[in-house]
1. For region 18-29, take each phi angle, set θ = phi - 60°, evaluate the Karplus expression 6.51 cos²θ - 1.76 cosθ + 1.60, and give the result in whole Hz per residue in order, putting x for glycine and proline.
2. In terms of the Cα gyration tensor, with a ≥ b ≥ c the square roots of its eigenvalues, is region 7-145 rounded because a/c is under 1.5, prolate because a/b exceeds b/c, or oblate?
3. Can you find, among Val44, Ile150, Asn59, the residue farthest towards the positive end of the dipole of the chain? Put +1 on the C-beta of Lys and Arg, -1 on that of Asp and Glu.
4. Please give the peptides 162-172, 110-120 ranked by average Cβ packing (other Cβ atoms within 10 Å per residue), highest first, as a rough proxy for protection.
5. For the chain, take the longest principal axis of its alpha carbons; what is the angle in degrees between that and the long axis of helix 101-112, to the nearest 10 within 0 to 90?
6. Find how many whole Å separate the alpha carbon centroid of region 109-152 from the alpha carbon centroid of region 10-26.
7. Taking θ = phi - 60°, what integer Hz values does the Karplus form 6.51 cos²θ - 1.76 cosθ + 1.60 yield along region 171-177, in sequence order, with x for Gly and Pro?
8. Per-residue accessible area for Glu8 at 1.4 Å probe radius, Å² rounded to 10?
Amino acid sequence: MNKKEAKEITGGLSKPSKMPGPAYNLPASQCITGQKLVKVPGSVCAGCYALKGRYRFSNVQAALNRRLKSLNHPDWIRAMVVLIDDAPWFRWHDSGDLQGPEHLKKIFEVCKLTPSTQHWLPTREAGMLKLMDPDIIPSNLIIRMSSHMIDQQPVKFWPWTSSVNSSSKTCPALDQGNSCRDCRACWDRSVSNVTYPKH
């Protein structure tokens, strides 16, 4: 399979300017937990960046929906491996989230087949993580459980987390042109929690 064929199957990767590598995104409107939280004042999802701005353009929405539909393609895993192509860093879901256990299992397979890539997957799907032993996660993948509410403490049931705070942060992106630059805290298992500023 070549990259053109892989892109046709998966809908292709995104290239967020902030990130040190490619990403894969899905429609934020289809987040299982997020579509509930978006209606809750004070939640992180209430001001979701992926439901406004350029994400609302028809061509962007079409691409996001193609990717969502592609998750059931029998060659999705193989196609994702071709597209990732040993990228050193990869982010899952710069918009959107896990669609269920089968989706997560497929991501595990992609990670196992791209051992030289460090993968980061943020999620709000606490129900899935509460049923999972962190030790089964491929060693080149970190799943960060994201707190639902602004100023909420990190969850206690999961070893890697992220949170949004209105008065403090550990993510340096805002101070360096909205870019990760040389920071890789989100991908680093030795960093238990990453705090993002409210924006």
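The values are calculated or read from the model by the stated rules, or taken from the named source; none is laboratory data. Every value quoted in this text rests on a predicted model; they were computed, and no experiment measured them. Neighbour counts run over all protein chains shown; Cβ positions are idealised from the backbone, glycine included. When the accessible area is computed, the model is the full protein with side chains, heavy atoms only, and any ligands, DNA or RNA have been set aside. Shrake-Rupley method; radii C 1.70, N 1.55, O 1.52, S 1.80 Å.
1. In residue order, the calculated couplings are 6, 8, x, x, x, 9, 10, 10, 10, x, 4, 5 Hz.
2. Since a/c reaches 1.5 but b/c is at least a/b, the shape of region 7-145 is classed as oblate.
3. Of Val44, Ile150, Asn59, it is Asn59.
4. 110-120, 162-172
5. Orientation of helix 101-112: about 70 degrees from the principal axis.
6. 17 Å
7. Values per residue, Gly and Pro as x: 5, x, 4, 4, 8, 9, x Hz.
8. 130 Å²
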